[in-house]
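> Handing you a structure now.
The values are calculated or read from the model by the stated rules, or taken from the named source; none is laboratory data. What you see is a predicted model; the values in this text were computed from it and never measured. Every residue, glycine among them, receives a Cβ derived from its backbone with ideal geometry; neighbour counts consider all protein chains shown. The protein model used for the area step is the full one, side chains on, heavy atoms only, and it has no ligands, DNA or RNA in it. Shrake-Rupley method; radii C 1.70, N 1.55, O 1.52, S 1.80 Å.
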Amino acid sequence: MSDQTRVAIVGGGVTGCAIARALAPDHAVDVFDQGQIAGEATALAAGEITMLSSYDDRPAIGWHAVEFFRDYDGTGTFSFAERPSIGLITPDREEAKRRYAARAADNGLPVAFLDRETAAGRYPRFDFSGFAGVVEHGVSGFVDPYTFAVTLQHDAEADSARFHTNTPVTDVLTDGGAVTGVEAGGERYDADHVIVAAGWRSRAVLSDQVNVEIPIRPYRTQCIVLEPEEPLPDSFPMGWYPGEHVYFRAEHNGDLLVGGWSFAEDDPEGASSNADEAFRRHVADLLPTFLQNGDRAGYVDDWAGIDAATPDTRPILDTPAEGPDGLVVATGFNGRGIMTAPVSATVVRSLITDETAPFSTDPFALDRFDTRSADFEFISISASE
Ligand SMILES: Cc1cc2nc3c(=O)[nH]c(=O)nc-3n(C[C@H](O)[C@H](O)[C@H](O)COP(=O)(O)OP(=O)(O)OC[C@H]3O[C@@H](n4cnc5c(N)ncnc54)[C@H](O)[C@@H]3O)c2cc1C
């Protein structure tokens, strides 16, 4: 019998897998998923890693993730494809975006405003005639999310973590104001810490099982894959079109993945797993406005999935003050759970071990929210960035 601290993780998505890997070397870790490992939002993600632009106000957080992905590249079959990202800037936004890029560069971030001619020279597959230029983020990339999650899982298993699939957690057990374990698949598992990383279902798990409320709500987000007339080269950047609910990147085979079109979803169980017809039409109309021969791209595939949103688009990685001792929450990733996984793992490890994270964890504190209501306005990051 091990005398290590025991940890039960509810949810085997990328968050649960990353946390398991970070804790497994010196904890006895059990991960429970009601379905398969990485079977929900994680498997459906576009895999974009844009942490420096997502945390341009907190570069230490962005760099922590980027450095993890660089180090982890080449582990098993996992790879991190580094590509720059460009934001397409219409003339009405030019001044504001030039100021933004100058400020970011002053703060040491790899960001620059490229005027139309410079951008066209660097990225020849685009048609920039309707744009003033682009904001270029020099450090970003993408991963295959499923491969990432199962590589984390295999690492954790090599350190003796146990993964239990088709094993729903039906109760978080407590005694004297502290967690004592979980009831999962009809059996009791003792634990000193219980980490709820159950994606958009975390609100129900916490409220039903430990009477803790958190402000998250489900939202639905979508992807379409298209085959351009000529395959896209490795030099093709990732990018987004501010205000148009669209981001994009090339696939390794030269196809184009377009994501976005995210809206709050009141019926997450019943929602369609296909992209909306309106999104397909929007992409068909928009593509020729920035991609050469964009009207000649053929349809390949589409899908939609559910993730959890918070009121300020940043996750909750914390120990709720009103919850039992030993309870940790890791959810509310707003379409960034893959890229945030290394940060989630470091923060949760710091909460459990009292090690200090190498960045401020304030942006993830639950008490930054005045209310715990799930009735807040959903902010789509693909529409607003
Ligand atoms: C179309 C789409 C595109 C996206 N693109 C990107 C992107 O480019 N970059 C990026 O960083 N992020 C992206 N995301 C977001 C990302 O997928 C999520 O933020 C991330 O997968 C969340 O991981 P998670 O482990 O927290 O949750 P999930 O992957 O949802 O996993 C939660 C797990 O908990 C399990 N569970 C729930 N309740 C219980 C219970 N009671 N007992 C046991 N298990 C339970 C579920 O079965 C599930 O497997 C995208 C999402 C979608 C849908």
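> Report the Stokes-Einstein translational diffusion coefficient (µm² s⁻¹, integer) for the chain, Rh taken as the Kirkwood radius over Cα pairs, at 4 °C with viscosity 1.567 mPa s. Could you put the intermediate results ahead of the total?
Numbers: Rh = 21.4 Å.
Calculated translational D: 60 µm²/s.
> Just how large is the dipole of the chain about the Cα centre, in debye to the nearest 20, putting +1 at every Lys and Arg Cβ and -1 at every Asp and Glu Cβ?
740
> Something else about it: What accessible area, in Å² to the nearest ten, does a 1.4 Å probe give for residue 116?
90
> Find, among the chymotrypsin sites (Phe, Trp or Tyr not before Pro) in the stretch 115-165, those assigned to loop by DSSP (not H, G, I, E, B) with at most 14 other beta-carbon atoms within 10 angstrom.
Working: sites: 126, 128, 131, 142, 146, 148, 163; in loops: 128, 131.
Sites meeting the loop and neighbour criteria: none at all.
> Over the Cα atoms of the stretch 85-138, what radius of gyration and what Dmax do you get, in Å?
Spelled out, the Cα radius of gyration and Dmax of the stretch 85-138 are 10.5, 31 Å.
> Among DSSP beta bridges whose residues both lie in the chain, state the antiparallel percentage, nearest 5.
Numbers: 54 of 74 bridges.
If we restrict to bridges inside the chain, about 75 percent are antiparallel.
> Using the heavy atoms of the protein chains and a 1.4 angstrom probe, tell me the accessible area per residue for the chain in square angstrom. Walk me through the numbers before you get to the answer.
Values: 15940 Å² over 385 residues.
For the chain, the solvent-accessible area averages 41 Å² per residue.
> Heavy atoms only, probe 1.4 Å: what % of the accessible area of the chain goes to carbon and sulfur, would you let me know? Please report the intermediate quantities before stating the final value.
Numbers: 7040 of 15940 Å².
C and S fraction of accessible area: 44 percent.
> Relative to the first principal axis of the alpha-carbon coordinates of the chain, what is the inclination of helix 59-72, with its axis defined by its Cα atoms, in degrees from 0 to 90 and to the nearest 10?
Here the helix axis deviates by roughly 80 degrees.
> What do you get for the angle between helix 277-286 and the principal long axis of the chain? Use alpha-carbon atoms, 0 to 90 degrees, nearest ten.
For 277-286 against the chain, the angle is about 40 degrees.
> Between residue 175 and residue 4, with labels modelled 7 Å along Cα→Cβ, what's the label distance in nm to one decimal, could you check?
It is 2.3 nm.
> Any idea what angle helix 14-23 forms with the longest principal axis of the chain, computed on alpha-carbon atoms, 0 to 90 degrees, nearest 10?
The helix 14-23 is inclined about 50 degrees to the chain.
> Between the alpha-carbon centers of the stretch 207-261 and the stretch 293-363, tell me the distance in whole angstrom.
Using only Cα atoms to place each centre, the spacing works out to 16 Å.
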